[in-house]
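Accompanying notes for the structure given below.
The values are calculated or read from the model by the stated rules, or taken from the named source; none is laboratory data. Keep in mind the model is a prediction, meaning the values are calculated, not measured. Cβ placement follows ideal geometry from the backbone for every residue including glycine, while neighbour counts extend to all protein chains displayed.
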Amino acid sequence: MNITHLNNSFLKIEGGGTKLLCDPWAGTANEGGWRSFPEFDPETLYAFMADCDAVYISHLHADHFDPTLLKAASLTGKPFIIKDFNNKTLLKRIKALGVETVIEVPALQATAFKNLQFAIVPQMTSNNAALDDEIDYDLDTSIVIHADGETFFNQVDNPLSLDNYKALKTFISKTFGDLDCVCLATGAASPYPQSFIACDRDAEQTAVIARSLDKFSAIIDILQPRAYFPAGGTYIIPGRFAPLNRWIAQPDFETLQSTLNGRTKAFTIEGGQTLDLTTLGVTFDLPPAQPDRTAAVHDHMTDAYAHDSFDDIGIRDTELDTLFTRAYANYSRKMRDDSVTIAQSVAFTLYDNLEVDADGNISSTPCARYSFTDHVVPGMEMIFHLDRKLFIKGLTRAANWNQLLSLALFERRPNVFHPTVEFSLNYLTV
């Protein structure tokens, strides 16, 4: 089996003559708040993707499901492979591209596609901290692929717990045999700590990396693969939030390799390199057009965000008050009907043009503030700082809350993680 890693969770896997693309992404995501890295020449990238036999999409987040790239690379005539989700949003969005064949696979069911065997691993917890979350969040998946007598596990963003990994190891052993290679997302793919203004981001970055390395080490002990490479959660922040790049909590490869301490063979192949699982040799199949991260950040510091061109001229403050009142009524009804407890007081501070200075602090003046009046928790506060236009897009479903929060700044007092609050905002809509 050969595995090529382009960026983030974008892989090309070839086994037994069958070629599978995983989560193709190139360009921007999350309202322009994330940009893929490394960058590739578009036409060269399309040609590299053209001979695939199928496309696996792990979940519907924009850095994994990229309709613009799928259409530009003429992949809509290929079969698509996804989990058989209860919520059919991903299926509908894929079919809206004109895709005729979508293979929906039940979780943890060994399935054959041409010369590949695979099984899709469902999301079993909502967050990497394994905290209880009252929102049912069946979103992420991972995939196990078997071909040429070799087995590969691609975690993607799926926040599996250590107990989940133990069960997964048993499943892989019984279904496919020995595990030859894994790719794991280590560090934070979330906005923490770079987008959180009420904390010591340097200290929190160090702490997040340390915790992720502890879990990474434990996962390797459980899975015991022959080879490993890091993948997932890699991007740059373009535009006026570019100063926040310095706090993205991703360990470097040397640190990961040191943590392994010889327990498995480690490779870094992001940027178009291919790992041969039989020989454990690496070749450079698709050199990137821009391989330097610092240069890429500099190149995109003046990029605009999607909501910058959003027309909100007709929505005066009184209309926005009405929009929020209606959206909050819908939100409160949903939380009440589902017996969901919101453990923080929630507020939104709005700006005409939210910017940060070189130290990552807000340098703009607020223009409005809204709060959840029926969900007040003394001593527990979460304030979302974001552009007025972005707030309107969330309320009116012109953008998904999960994605637009990549362009928000968070003020959490005290600095305690409550996953339910952020996930619940998807219901704050008219």
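Do we have any residue at all in region 230-249 that's touching a His at 6+ places or on another chain (Cβ under 6 Å) and buried (at least 20 other Cβ atoms within 10 Å of the Cβ)? Yes, region 230-249 contains a residue that is touching a His at 6+ places or on another chain (Cβ under 6 Å) and buried (at least 20 other Cβ atoms within 10 Å of the Cβ).
Taken over region 374-396, the residue count meeting the criterion of being among the charged types (D, E, K, R) and modelled with pLDDT under 95 is 1. Evaluated against (1) over 21 Å from the mean Cα position of the chain (by Cα); (2) surrounded by 16 or more Cβ atoms within 10 Å (Cβ to Cβ), Asp41 falls short on exactly one condition, (2). Only one of the numbered conditions (1) part of a loop (DSSP other than H, G, I, E, B); (2) in contact (Cβ under 8 Å) with a residue 24 or more places away in the chain is not met by Ser364, and that is (2). Please find, among Asp180, Asp202, Asp214, Asp252, the residue that is out of contact with any strand residue (DSSP E or B) (no Cβ under 6 Å at 6 or more places or on another chain) and farther than 23 Å from Thr294 by Cβ. Testing whether each residue is out of contact with any strand residue (DSSP E or B) (no Cβ under 6 Å at 6 or more places or on another chain) and farther than 23 Å from Thr294 by Cβ leaves just Asp214. Scanning region 385-397 turns up at least one residue that is under 20 Å from Arg326 (Cα atoms), in a loop (DSSP other than H, G, I, E, B) and under 28 Å from the mean Cα position of the chain (by Cα). Among the residues of region 12-50, the ones that are among the aliphatic types (A, V, I, L, M) and under 24 Å from Asn402 (Cα atoms) come to 2 in all. Where strands (runs of 3 or more DSSP E) fall entirely within region 1-74, those with at least 3 residues that are in contact (Cβ under 8 Å) with a residue 40 or more places away in the chain and under 24 Å from Ala227 (Cα atoms) are at 2-7, 10-15, 18-22.
Let's see how each residue does on (1) in the same structural domain as Leu405 (by TED's automatic domain parsing); (2) crowded, with 19+ Cβ neighbours inside 10 Å:
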{"site": "Pro288", "(1), (2)": "no, yes"}
{"site": "Thr325", "(1), (2)": "yes, no"}
{"site": "Tyr331", "(1), (2)": "yes, yes"}
{"site": "Lys334", "(1), (2)": "yes, no"}
{"site": "Leu350", "(1), (2)": "yes, yes"}
{"site": "Cys367", "(1), (2)": "yes, no"}
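Against the criterion of being assigned by TED's automatic domain parsing to the domain that holds Gly394, over 22 Å from Val421 (Cβ atoms) and either surrounded by 12 or more Cβ atoms within 10 Å (Cβ to Cβ) or of a type in the set (Asp, Glu) (or both), Asp321 qualifies. Looking across region 75-84, just one residue is touching a Leu at 6+ places or on another chain (Cβ under 7 Å) and either outside any strand (DSSP E or B) or crowded, with 23+ Cβ neighbours inside 10 Å (or both), and that is Thr76. Note on region 234-253: residues that are assigned to a strand (DSSP E or B) and over 14 Å from the mean Cα position of the chain (by Cα) amount to 0.
Of the residues making up region 259-312, those that are within 22 Å of the chain's Cα centre (by Cα) and of a type in the set (Val, Ile, Thr) are Thr268, Ile269, Thr294, Val297.
Listed by first and then second residue, the pairs with beta-carbon distance under 7 Å, at least 6 apart or on different chains, first residue in region 338-354 and among the acidic types (Asp, Glu), second in a strand (DSSP E or B), are Asp352/Cys367. Quick check: anything in region 215-227 without any contact (Cβ under 8 Å) to a residue 24 or more places away in the chain and either in contact with a Gly (Cβ under 9 Å, 6 or more places away or on another chain) or in a loop (DSSP other than H, G, I, E, B) (or both)? Checked against the condition, which is being without any contact (Cβ under 8 Å) to a residue 24 or more places away in the chain and either in contact with a Gly (Cβ under 9 Å, 6 or more places away or on another chain) or in a loop (DSSP other than H, G, I, E, B) (or both), region 215-227 yields no hits at all. Quick one: would you say Ala119 is assigned by TED's automatic domain parsing to the domain that holds Thr268, surrounded by 18 or more Cβ atoms within 10 Å (Cβ to Cβ), at pLDDT below 95 and in contact with a Ser or Thr (Cβ under 9 Å, 6 or more places away or on another chain)? No; evaluated as a whole, the condition is false for this residue.
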